[in-house]
Amino acid sequence: MCCATVAAAQDKAVYHIDNAAAQGLKGLRNIRNHLDTAPDTKIIVVTHAEGVDMLMEGAKEERSKTEYAPLVSALKARGVKFEICEITLKNRNLKKDQFILDADYTPSGVVRIAQLQTRDHYAYIKP
C-alpha cells in the first residue's frame, strides 16, 4: 500500500511600503506580529517612492524617534527580505550606500510586487 505525501503549502506575503512616514513602524509591527503567529511565513517587503526612506542609514520614525534599522535587522534575522526599488533610487538621486546593509534591491518595486502576486502567489498586504 502506497500513500502520496502532499507537502503543506508555505504561506507567503508581500508587504508593500510606499510611504515610510505612514506605513513604516506600523508595517514592521504587523510583520513581527505576523511571524509571531505564523513563524513559517515567507515575507518580502518591497519599498518604493517614499517607502525606501525607512531603509536609509539612521532613519527614524518621526513622531516616536524609533530607529528603523534595529527592527529591520531583527526581522531579517527571522527570514524577512527587504527590497528597494532601483527606479526610486534613480528618480530621487539616491545611492545604494545611503541604505542599511540589510536591504536588497529590485529593478522595479511595482513590477516586483505584481510578479510576487501573480507568479509566486504571495498574498498582498499594504499596512
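Any read-out appearing in this document is the output of simple, stated calculations on the displayed coordinates, not a laboratory observation. The model shown is predicted, which means the values in this text are computed figures rather than measured ones. Every residue, glycine among them, receives a Cβ derived from its backbone with ideal geometry; neighbour counts consider all protein chains shown.
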Checklist outcome for this item: A careful count of residues in the stretch 95-108 that are over 17 Å from the mean Cα position of the chain (by Cα) and either without any contact (Cβ under 8 Å) to a residue 40 or more places away in the chain or closer than 16 Å to Val46 by Cβ (or both) gives 2
Item to check | Matching entry among Val80, Val52, Val45 (being closer than 16 Å to Val14 by Cβ and free of Cβ contacts under 8 Å to residues at least 40 places away in the same chain) | outcome: Val45
